[in-house]
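The values are calculated or read from the model by the stated rules, or taken from the named source; none is laboratory data. Computed from a predicted model, the values in this text were never measured in an experiment. As a convention, Cβ positions derive from the backbone with ideal geometry for all residues, glycine included, and neighbour counts pool all protein chains shown.
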Amino acid sequence: MNTLTPTVPPARFNVWFALRRMVSGANIYVGGLIVGLVIVMAVFAPWIAPYDPAASDWLAIRQEPSWAHWMGTDDLGRDTLSRIIFGARASLSAGVISVLFAMVVGVPLGLISGYFGGWIDAAMARVTEAMLTCPFLVLAIALAAFLGPGLQNAMIAIGISASPLFIRLARGQAMVVKQEDYVDATRALGASSWRIIVRHILPNSMPPLIVQGTLTIATSILAESSLAFLGLGQLPPAPSWGSMLDAARQFLSESSEMAVFPGLAIILTVAGFNLLGDGLRRRLDRR
């Protein structure tokens, strides 16, 4: 007796799913390319910039883009392209150093809180929740106003404002990882709590922390630009994208390019770090 074997219909090709996969896979490369270009621009600024960013040319005030000045000049005759190139240093410094400061402060506190629990966890959770009730940018502006204007004070203010994000994330990771079997086995072998935190919980908590750090760099760059726009960040005549937008505010109708190019620099840099962070999340996510 012949039995008929059921035929399985071929899976349909989902165009939108394939396109989504392609775009998500390209995020890390596009974001990495943008971030890499900004880093190169900041590191090699003295060799790339065509002019001194602080040099004024009183015969070239608010000129439109030309072969001599590819992005025009500002209200003091300074080359916009050169100021954007050197301004990348302030933005990257504020983004990277602020996030490193936030991680150095927040990650150990979060790991200790999540691992030991008890009154330590309760106290840390209350402090973190109190800081998170205030919006990130508002808290950064308040701290920067208290500390005073300047790039260093702006980085401290941004780092303190971003630390609750890493405290909460590290706490959650510690609470999950400490319940794993290999942690119980290490504890049964007599390992101390600090050894378990450093050798097992911290390494297994790093992937989401790296992703959060990359995304927070983008937020910190926006915060630094906002502080500079308000006069609380990089002080003139040192170039900063936020202070360039502040100077261009008075001439939007006559010389709109003074605001367009610094704004594009901020948008592209923030988009690059966001794309890189999203790509890293997809690569490092175990699920």
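crowded, with 21+ Cβ neighbours inside 10 Å and either more than 15 Å from the chain's Cα centre (by Cα) or in a helix (DSSP H, G or I) (or both): which single residue out of Gly190, Gly279, Gly263 fits that description? Walk me through how you get there before you give the answer.
Working: Gly190 fails: crowded, with 21+ Cβ neighbours inside 10 Å; Gly263 fails: crowded, with 21+ Cβ neighbours inside 10 Å.
Testing whether each residue is crowded, with 21+ Cβ neighbours inside 10 Å and either more than 15 Å from the chain's Cα centre (by Cα) or in a helix (DSSP H, G or I) (or both) leaves just Gly279.
For segment 50-109: of the residues being among the hydroxyl-bearing types (Ser, Thr, Tyr) and in contact with a strand residue (DSSP E or B) (Cβ under 8 Å, 6 or more places away or on another chain), which is nearest to Gly233 (Cα to Cα)? Reasoning before the result, please.
Quick first cut of segment 50-109, residues among the hydroxyl-bearing types (Ser, Thr, Tyr) only: 51, 56, 66, 73, 80, 82, 91, 93, 98.
From what is left, the residues that are in contact with a strand residue (DSSP E or B) (Cβ under 8 Å, 6 or more places away or on another chain) are 51, 73, 80.
Details: Tyr51: 23, Thr73: 22, Thr80: 19 Å.
If we take residues in segment 50-109 being among the hydroxyl-bearing types (Ser, Thr, Tyr) and in contact with a strand residue (DSSP E or B) (Cβ under 8 Å, 6 or more places away or on another chain), then Thr80 is nearest to Gly233 (Cα to Cα).
Which one is nearest to Ala154 (Cα to Cα) among residues in segment 245-260 that are surrounded by 14 or more Cβ atoms within 10 Å (Cβ to Cβ) and touching a residue at least 60 places away in the same chain (Cβ under 8 Å)?
Only one residue tops the list, namely Ala247.
Testing Trp119 on (1) part of a helix (DSSP H, G or I); (2) in contact with a helix residue (DSSP H, G or I) (Cβ under 9 Å, 6 or more places away or on another chain); (3) among the hydrophobic types (A, V, I, L, M, F, W, C), one condition comes back false. Which one is that?
Evaluating Trp119 over (1) part of a helix (DSSP H, G or I); (2) in contact with a helix residue (DSSP H, G or I) (Cβ under 9 Å, 6 or more places away or on another chain); (3) among the hydrophobic types (A, V, I, L, M, F, W, C) leaves (2) as the failure.
State yes or no: is Ala123 over 19 Å from Trp241 (Cβ atoms), exposed (fewer than 15 other Cβ atoms within 10 Å of the Cβ) and out of contact with any strand residue (DSSP E or B) (no Cβ under 7 Å at 6 or more places or on another chain)?
Yes: the conditions hold for Ala123.
Read through the list (1) in contact with a Phe, Trp or Tyr (Cβ under 6 Å, 6 or more places away or on another chain); (2) in contact (Cβ under 8 Å) with a residue 40 or more places away in the chain; (3) under 20 Å from His69 (Cβ atoms); (4) of a type outside the set (Ser, Thr, Tyr), then give the number of the only condition that Ile266 fails.
(3)
Listed here are the residues, each with its yes/no results for (1) polar (S, T, N, Q); (2) in contact with a strand residue (DSSP E or B) (Cβ under 6 Å, 6 or more places away or on another chain); (3) at pLDDT 90 or above.
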| residue | (1), (2), (3) |
| --- | --- |
| Arg187 | no, no, no |
| Gln212 | yes, no, yes |
| Ala218 | no, no, yes |
| Glu224 | no, no, yes |
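I'm checking my understanding of the structure. Among residues of segment 127-153 that are touching a residue at least 60 places away in the same chain (Cβ under 8 Å) and within 29 Å of Leu202 (Cβ to Cβ), which one is surrounded by the fewest Cβ atoms within 10 Å (Cβ to Cβ)?
Phe136
Each row is one residue, and each column tells you yes or no for (1) closer than 30 Å to Lys178 by Cα; (2) without any contact (Cβ under 8 Å) to a residue 60 or more places away in the chain; (3) outside any helix (DSSP H, G or I).
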| position | (1), (2), (3) |
| --- | --- |
| Tyr51 | no, yes, yes |
| Asp57 | no, yes, yes |
| Ile61 | no, yes, yes |
| Leu76 | no, yes, yes |
| Ile85 | no, yes, no |
| Gly95 | no, no, no |
| Val104 | yes, yes, no |
| Val107 | yes, no, no |
| Gly110 | yes, no, no |
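Just name the residue that is nearest to Ala45 (Cα to Cα) out of those in segment 231-244 that are surrounded by 21 or more Cβ atoms within 10 Å (Cβ to Cβ) and of a type outside the set (Gly, Ala, Ser). Before the answer, list the steps.
The first filter runs over segment 231-244 and keeps only residues surrounded by 21 or more Cβ atoms within 10 Å (Cβ to Cβ), leaving 232-234, 239-244.
Okay, now just the ones that are also of a type outside the set (Gly, Ala, Ser), so 232, 234, 239, 241, 244.
Details: Leu232: 24, Gln234: 17, Pro239: 12, Trp241: 15, Met244: 17 Å.
Ranking the qualifying residues of segment 231-244, first place goes to Pro239.
Under the condition of being closer than 14 Å to Phe101 by Cα and either touching a Ser or Thr at 6+ places or on another chain (Cβ under 7 Å) or among the β-branched types (Val, Ile, Thr) (or both), which residue from segment 201-216 is surrounded by the most Cβ atoms within 10 Å (Cβ to Cβ)?
Going through the qualifying residues, I end up with Thr216.
I'd like the full set of residues that are free of Cβ contacts under 8 Å to residues at least 60 places away in the same chain and part of a helix (DSSP H, G or I), limited to segment 223-242.
Phe229, Gly242 - these are the residues of segment 223-242 that are free of Cβ contacts under 8 Å to residues at least 60 places away in the same chain and part of a helix (DSSP H, G or I).
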